[in-house]
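The values are calculated or read from the model by the stated rules, or taken from the named source; none is laboratory data. Predicted model, so just to flag it, every value in this text is computed and none were measured. Using ideal geometry, Cβ is built from the backbone for each residue, glycine included, and neighbour counts are taken over all protein chains shown.
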Amino acid sequence: MDEKFPVYLEIVGGKSIYCISSPSEMEEIQVIGERYTVHRMEARILPERLLIQDILANEGGRWNRISKEDYEAKKSFITQKKTLL
């Protein structure tokens, strides 16, 4: 896979945004009602690496690629308007 990193994505429906910075590192910001949570993952085991590969491959069309600017704007909006879990 010749992917250029970082890759920015949004899950269809807009409840989570992702920054995949390498084949083994990603950050997910997930909105849950009026709150949000941040998941940072450094893939150390095969299932974690496969998760990142699946997201990048977009099997099933669950993710939309977005620009860095769009990611930063969404991240800023979420972190300013929502409460961290």
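The residue pairs whose first member lies in the stretch 1-23 and is touching a residue at least 40 places away in the same chain (Cβ under 8 Å), whose second member is of a type in the set (Asp, Glu) and surrounded by 12 or more Cβ atoms within 10 Å (Cβ to Cβ), and whose beta carbons are closer than 8 Å, counting only pairs six or more residues apart or on different chains, are TYR8/ASP70; GLU10/ASP70; ILE17/GLU10; ILE17/GLU28; TYR18/GLU10; TYR18/GLU27; TYR18/GLU28; CYS19/GLU27. Can you name every residue in the stretch 38-85 that is over 24 Å from LYS4 (Cβ atoms) and modelled with pLDDT of 95 or more? ILE45, PRO47, listed by residue number.
Entry remark, the stretch 28-55: residues being within 15 Å of LEU85 (Cβ to Cβ), surrounded by 14 or more Cβ atoms within 10 Å (Cβ to Cβ) and of a type outside the set (Val, Ile, Thr) number 3 in total.
Across the stretch 22-77, the number of residues qualifying as in contact with a Phe, Trp or Tyr (Cβ under 9 Å, 6 or more places away or on another chain), part of a strand (DSSP E or B) and within 12 Å of TYR8 (Cα to Cα) comes to 7.
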